[in-house]
1. What strands (runs of 3 or more DSSP E) lie completely within segment 90-150 and have 3 or more residues being without any contact (Cβ under 8 Å) to a residue 40 or more places away in the chain, under 19 Å from E54 (Cα atoms) and touching a strand residue (DSSP E or B) at 6+ places or on another chain (Cβ under 9 Å)?
2. Quick check on V73: is it in a loop (DSSP other than H, G, I, E, B) and either at pLDDT 95 or above or in contact with a helix residue (DSSP H, G or I) (Cβ under 8 Å, 6 or more places away or on another chain) (or both)?
3. For the structure I just gave you, tell me whether N64 is assigned to a strand (DSSP E or B), within 19 Å of L138 (Cβ to Cβ) and at pLDDT 95 or above.
Amino acid sequence: MKKIVVLIFIALLYSFNCNSYAGIKNGPISINSDKAIYLQNENKIKFLGNVYVEGKDFKLYCDNLELILNKGVSQKNRIKNDKSSIKEMIATGNVHIILQGKEAFCKKAQYNLLDQYIVLTGEVKLIQDKNKIMGDRLIIDLKNNKSEIFSNSTNRVKVIFSPKRNGETNSTN
């Protein structure tokens, strides 16, 4: 039984892993917020208050979003919001990510586009259909196809797996 739970856990993390996040880099990205601040000297753009980000294959809701831009990218590319100019995205406060029928909730999400890793921290919850994984910190290494979820000193990692019954289909398909 323990072996089955571990395999299910690995399968669920993988399904939320690399294949899903690949969609973040495809197509245009729209960002809406109450306020935006461009800090040219710091190579940052801050979006403050009720942030909503939508891309071809994903949606992101959070309180605040910071985009860290690559140095040396032309001003023309920054104005066009060329994704090749974005080095890192940091979402904070009530983070909710929706990717291809899967959802993630946490307090902070950091996506490093150059190094290809994602870190979710603070009451992390991943949901796919009726399956859930909960912990305090999730690290997804997109280059090496590896995911790890960690607990903190007061909580343990928790996995809820709801196997499908005969004839039952995914609610997201």
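1. Filter on segment 90-150 gives 102-112.
2. Answer is yes for this residue.
3. In short, no.
The values are calculated or read from the model by the stated rules, or taken from the named source; none is laboratory data. Since the model is a prediction, treat every value here as computed from it, not as a measurement. Please note: Cβ atoms are built from the backbone with ideal geometry, for glycine as well, and neighbour counts cover all protein chains shown.
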